[in-house]
Amino acid sequence: MRLFRRIVLSLVALSFCASRASGEEDRSVIALTVTRSDYGGGRIYLPVRFGNVMGPMRLDTGASTTRIKLAPWNADLPSKGRSVSAGATGKTTDCEDVEAKNVELKAAQGNNIGRAKYEVSRCDAGDGDDLLGLDFFKGARFALNVERREMTFSKEPLAADRAKPFRLLGPDRRLVGIDVRIGDAAAVGLFDTGAELSAVDRQFVDKHKKLFTLVKKKGKASEAGGRRFSSDIYKIKELDLGEGRVLRGVYAFVYDFGAVREALGRQTPFILGFDVVSAFDWELDFKSPDAPKWDARPK
C-alpha cells in the first residue's frame with residue numbers, strides 16, 4: 001500500500017480529452033453554478049459525471065487532486081492505495097485512492113470534457129463538498145468567466161504576448177501561484193478557486209500591518225473537508241497582480257498558515273480565493289504541466 005501526502009487548501013475554499021465525433025466543433029462550454037456569500041466570497045460548481053452518476057462538484061484549483069466523499073455510488077471503485085489530504089489549517093484526513101472511469105464535465109455547448117481513467121481520493125463522509133482538483137485539467141486550455149458562469153475549453157493556444165507563467169507550488173509542484181504585490185511587498189498567492197474567501201498568513205500581516213485593516217474578529221470559516229474554525233477577517237488595502245490588475249478593499253481571512261506555510265513555502269503567504277478570481281476573466285493554459293500559464297482581464 002502506498003502512502004502520499006496531498007494538499008487540499010480550500011476555504012469556505014490517461015490524457016485529457018474531449019469526447020467528440022469527427023468534424024464537430026473544438027469549443028466546449030461548461031455551465032457553472034455559482035453561490036455567493038458574505039464579504040464577496042462564493043463557490044463555483046461544475047456538472048460532473050462519474051460513469052452513470054451525475055452531480056455537482058466544487059471547482060478547486062487549490063487541491064492538487066480530486067476528492068470525493070465515501071458514498072454508495074463510489075463504494076465499489078477499486079482501491080489503488082492510501083493518501084492523506086491536508087486542509088487549510090494543516091489538519092489531515094486519511095483517504096483511499098481509487099480509480100474511476102469515464103469522468104466527464106457535462107457540456108452545455110459542444111462536447112463533454114473528460115478522462116477515460118482517473119485516480120481520485122475517496123475520503124470519509126463529512127460536511128465538505130466533493131472537490132474537482134487541479135490535476136483533472138492537466139493538458140487543457142480553458143477560459144473561466146464567473147460573471148457569465150461559463151468555463152470554455154478551446155484548442156487555441158494562449159497568446160504568447162499575454163501569457164504569464166504560474167509559479168509551481170507545493171511539495172510535488174502540482175499547485176500553481178501568481179506573483180502579487182501588496183504595497184511595496186512582493187509575494188506569491190496560491191490560485192485557489194475552491195477558497196470561498198481569500199486568506200493571508202498571520203505572519204505576513206504582522207510584518208505589514210499598514211497594508212491591512214481589521215474588519216471582524218473571529219469570523220467563521222471552514223476547510224474543504226468541512227472542519228470549521230475561527231479566523232479574523234481583514235481588508236487588504238491594495239492587491240496588485242501586475243499590468244494594471246489592481247484590486248482595492250479585498251476581504252481575506254487571516255490566520256497562522258502553520259503547516260500550509262511549510263508546504264507552500266514562506267514566499268506564498270496568500271491564498272487567492274473566489275473574491276479575487278471572480279474579479280477577472282481568466283485564460284488558463286495547462287497544456288504543458290511543467291510550464292502552466294495564465295492571463296486575466298478586469299471585468
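The values are calculated or read from the model by the stated rules, or taken from the named source; none is laboratory data. Source: prediction; values computed, not measured. Because the Cβ atoms are built from the backbone with ideal geometry, glycine has one as well, and the counts that use them run over all protein chains shown. In case anyone asks, the SASA skips ligands and DNA or RNA and just uses the protein heavy atoms, side chains included. Shrake-Rupley method; radii C 1.70, N 1.55, O 1.52, S 1.80 Å.
A few remarks follow.
- Within segment 269-278, the set of residues being within 15 Å of the chain's Cα centre (by Cα) and not in a strand (DSSP E or B) comprises Gly273, Phe274, Asp275, Val276, Val277, Ser278.
- Applying a threshold of 6 Å to beta carbon distances and a minimum spacing of six or more residues, or different chains, the list of pairs starting in segment 250-272 at a residue that is among the acidic types (Asp, Glu) and ending at one that is open to solvent by 30 Å² or more (accessible area, probe 1.4 Å) reads Asp256/Arg202.
- Taken over segment 81-103, the criterion of being crowded, with 17+ Cβ neighbours inside 10 Å, hydrophobic (A, V, I, L, M, F, W, C) and modelled with pLDDT under 95 is satisfied by Ala86, Ala88, Cys95.
- Under the condition of being open to solvent by less than 40 Å² (accessible area, probe 1.4 Å) and touching a Gly at 6+ places or on another chain (Cβ under 9 Å), the residues counted in segment 104-128 number 7.
- Within segment 28-69, the set of residues being under 24 Å from Leu272 (Cβ atoms), touching a helix residue (DSSP H, G or I) at 6+ places or on another chain (Cβ under 8 Å) and either assigned to a strand (DSSP E or B) or open to solvent by 10 Å² or more (accessible area, probe 1.4 Å) (or both) comprises Tyr39, Gly40, Gly42, Arg43, Ile44, Ala63.
- Selection status of Gly219, in a strand (DSSP E or B) and at pLDDT below 95: yes
- Top-ranked residue of segment 238-268 - restricted to ones that are of a type in the set (Gly, Ala, Ser) and assigned to a loop (DSSP other than H, G, I, E, B), ranked as most open to solvent (accessible area, probe 1.4 Å): Gly244
- The condition (being closer than 22 Å to Arg162 by Cβ, open to solvent by less than 30 Å² (accessible area, probe 1.4 Å) and aliphatic (A, V, I, L, M)) is satisfied by just one residue among Ala187, Ala296: Ala296.
- First in segment 121-135 and more than 18 Å from Tyr45 (Cα to Cα) and assigned to a loop (DSSP other than H, G, I, E, B), second anywhere and open to solvent by 40 Å² or more (accessible area, probe 1.4 Å) and not aliphatic (A, V, I, L, M), Cβ under 6 Å, 6 or more apart: Ala125/Lys69
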